Amino acid sequence: MSEENIVHVSDEVFEEKVIKADQPVLVDFWAAWCGPCKAIAPTLEALADEYAGKLRVAKLDVDANPKMATKYGVRAIPTMILFKGGEIKEQITGAVGKAQIENAIKKVL
Amino acid sequence: MTSSEYDLVIIGGGPAGLTAGLYAARARLKTRLVEKLSPGGQVLTTDWVENYPGFPEGVSGFELMDKMRQQAERFDLEITSSEATAVERQGELFRLRHDGEELLSRTIVIATGALPNTLGVPGEAELTGKGVSYCATCDGPFYKESEVAVIGGGDTAAEEALFLTRFASQVHLCHRRDELRATGVLRERLKAEPKVRIHWSTTVTAIEKGESGQVSGAVLKDLKTGRTSRLPVQGVFLFVGTKPVTEFLKGFVELDSQGFVKTDPELATSQAGVWAAGDVRSKTLRQISTAVGDGAVAAYQAERYIENKFHVPRK
């Protein structure tokens, strides 16, 4: 398990990598100061591996990229937003278990 | 014992679970720890821990838990990232269902901990993540130069209110009683902190949504006069106690009226071969220091039980 299948996105490339992506994208809004964000990192890595080819898992550091966090009203982290065709389909706030994230993913696939 | 059977399965990887794991691994019990997230538990939401002995200057919650994990893994504790969903008896063993392959074990230590309570007021659920928060260290930096409210009067509420003064212009601490339960040193710091205003005998009755879809205020009620007022805050941080993670244990072990696991003084539950340790247990003081003590006792009791019941000589 590694970050192999995870893409790090910034404010600048968000449009290209998330909004215009041809696959659904699960964006994890996180920051280095947030313990629970670190706690869910292995879960996201596992999901990125398991759903490779069907879903992209992206991480956005809200500290370095405040524009997208503000645009999507993210004021709690971790927040995971699932985009499909540029639209928000699912949103999860807080460090939840794998099953709960997977339920959201299955709804859009 | 087949290769897929364990001496001990520990459910939960906070301070209690990791300490039970450390003791069991050192005792050379075949042990597996199952944790929903990465190990660490609620301590991961704590910015700075000042009351865990051995760290005179304090230690970050993340660093402390990372060290506890490393220490247990040094003795080959197996840790699996998976959520336990059910545990039941199967003959002389226990069967644990989780996200992965089922586990069979001779003994179980329940160390699933607790999660922050919700208040259940209008607006709270809808605005969670949009101004309502249960983790100041995660979300505090989003409230630079903002006014925020902190609800609660215990150690956690006091610590988090003080933490939030780093970012917020004003922190309103609302407590339903007319004195804080928080420990002395925290009460002193709160009094000395000009950014903190304490609202005594006050509860929150609703959280308001603004035009942006985010929190725009909180409705307060003075419990002595019955008067209501409105605080124009952008954030509401709730620290009103915890609820145990025991839903999946109903009918398996006896729980108290709040859902915490009942134990005897040696941490045995109502089910022989099962112990409970840490915040999940029915007890008076929930701290990292009390959780690690519980973890050590539970692992030791499991070891003795295995020796007696399964007649395994000490390795």
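For the residues B:Lys130, B:Lys221, A:Lys106, what sequence is obtained by ranking on other C-beta atoms within 10 Å, fewest first? Don't jump to the answer; show the numbers that get you there.
Working: B:Lys130 23, B:Lys221 17, A:Lys106 10.
Going from least to most buried by this count: A:Lys106, B:Lys221, B:Lys130.
Got a sec? Charge dipole of chain B, +1 on Cβ for Lys and Arg, -1 for Asp and Glu; which of B:Leu164, B:Gly259, B:Gly17 is way out at the positive end?
B:Gly259
As a test of the formula, what do you get for chain A when each DSSP H run with n ≥ 4 contributes -39,500 (n - 2.57) and the sum is divided by the residue count, at 222 nm and rounded to the nearest 500 deg cm²/dmol?
Values: 3 runs with 33 residues, N = 109.
One gets -9000 deg cm²/dmol as the mean residue ellipticity at 222 nm.
Using amide H atoms built 1.01 Å from N in the peptide plane, name the residues 5+ places from B:Leu33, or on other chains, whose amide H lies under 5 Å from its own.
B:Ile10, B:Glu78, B:Ile79, B:Thr80
Nearest 0.05, what FRET efficiency do A:Glu15 and B:Ala206 give at R0 = 35 Å with Cβ-Cβ as r? It would help to have the intermediate numbers written out before the result.
Working: r = 38 Å, r/R0 = 1.08.
The pair A:Glu15/B:Ala206 has a calculated efficiency of 0.40.
Once you place label points 7 Å from the Cα toward the Cβ at B:Gln71 and B:Arg176, how far apart are they in nm?
Once both label points are built, they end up 3.7 nm from each other.
Shielding by partners for A:70-83, please: the mean number of other protein chain Cβ atoms within 10 Å of each residue's Cβ. Don't skip to the end; give the middle numbers.
Details: counts 1, 0, 0, 6, 4, 15, 13, 7, 3, 4, 0, 0, 0, 0.
Neighbouring Cβ atoms belonging to other protein chains average 4 per residue here.
Indicate, rounded to the nearest 5 percent, the antiparallel portion of the DSSP beta bridges found entirely in the stretch A:6-102. Walk me through the numbers before you get to the answer.
On the way: 11 of 21 bridges.
Once the DSSP bridges in the stretch A:6-102 are tallied, antiparallel ones form about 50 percent.
Quantify how strongly other chains surround peptide A:86-96 by giving the mean number of their Cβ atoms within 10 Å of each of its Cβ atoms. Don't skip to the answer; put the middle values down first.
Details: counts 0, 0, 0, 0, 0, 2, 1, 8, 8, 8, 3.
So the per-residue partner count for this stretch is 3.
First measure r as the distance between the Cβ atoms of B:Lys250 and B:Glu5, then evaluate 1/(1 + (r/R0)^6) with R0 = 25 Å and state the FRET efficiency to the nearest 0.05. Present the calculation step by step, with values, prior to reporting the outcome.
On the way: r = 26 Å, r/R0 = 1.02.
So, using R0 = 25 Å, E works out to roughly 0.45.
Report the FRET efficiency, 1/(1 + (r/R0)^6), for B:Glu188 and B:Thr284, where r is their Cβ-Cβ distance and R0 is 22 Å, rounded to 0.05.
Numbers: r = 23 Å, r/R0 = 1.06.
The value I calculate is 0.40.
With +1 on each Lys and Arg Cβ and -1 on each Asp and Glu Cβ, and nothing else charged, work out how big the dipole of the stretch B:132-238 is about its Cα centre, in Debye to the nearest 20.
300
Which helices of chain B meet both criteria: a Cα extent of 27 Å or more along the helical axis and a mean Kyte-Doolittle score no lower than -0.5, with helices taken as whole DSSP H segments? Intermediate results must be reported in sequence, preceding the final value.
Numbers: long enough: B:288-310 (32 Å, -0.07).
Flagged H segments are B:288-310.
Aspartates and glutamates within cross-link reach of B:Lys67: Cα-Cα under 18 Å, excluding same-chain residues under 8 positions apart?
B:Glu35, B:Asp47, B:Glu50, B:Glu57, B:Asp76, B:Glu78
Which pairs, out of A:Lys71/B:Lys195; A:Lys20/A:Lys54; B:Lys144/B:Lys224; A:Lys67/B:Lys130; B:Lys144/B:Lys221; B:Lys30/B:Lys309, put more than 24 Å between their alpha-carbon atoms?
Values: A:Lys71/B:Lys195 29 Å; A:Lys20/A:Lys54 15 Å; B:Lys144/B:Lys224 33 Å; A:Lys67/B:Lys130 16 Å; B:Lys144/B:Lys221 26 Å; B:Lys30/B:Lys309 16 Å.
Over 24 Å apart, Cα to Cα: A:Lys71/B:Lys195; B:Lys144/B:Lys224; B:Lys144/B:Lys221.
For the pair A:Lys71 and A:Ser2, how long in nm is the line joining their label points, each one 7 Å along Cα→Cβ?
Spacing of the two 7 Å Cα→Cβ label points: 3.1 nm.
Taking every residue in B:128-138, how many Cβ atoms of other protein chains lie within 10 Å of its Cβ, on average?
The shielding value for this peptide is 6.
Which ordering of B:Glu159, B:Glu307, B:Glu92, B:Glu147 is given by a fewest-first count of other beta-carbon atoms within 10 Å? Please list the in-between numbers first.
Working: B:Glu159 24, B:Glu307 13, B:Glu92 10, B:Glu147 19.
The most exposed by this proxy come first: B:Glu92, B:Glu307, B:Glu147, B:Glu159.
Given the options B:Gly154, B:Ile79, B:Pro244, identify the residue whose Cα lies farthest towards the positive end of the charge dipole of chain B (+1 on Cβ of Lys, Arg; -1 on Cβ of Asp, Glu).
B:Gly154
Under a plain spin-label model, where a point goes 7 Å from the Cα along Cα-to-Cβ, how far apart in nm are B:Glu57 and A:Lys89?
Roughly 4.9 nm, to one decimal.
Would you tally the net charge around A:Lys107, using a Cβ to Cβ cut-off of less than 9 Å, leaving A:Lys107 out, and scoring K and R as +1, D and E as -1?
Numbers: positive: A:Lys89, A:Lys106; negative: A:Glu90.
So the surrounding residues net to +1.
Coordinate-derived values only; no laboratory data. The structure displayed is predicted, hence computed values, not measured ones. As a convention, Cβ positions derive from the backbone with ideal geometry for all residues, glycine included, and neighbour counts pool all protein chains shown.
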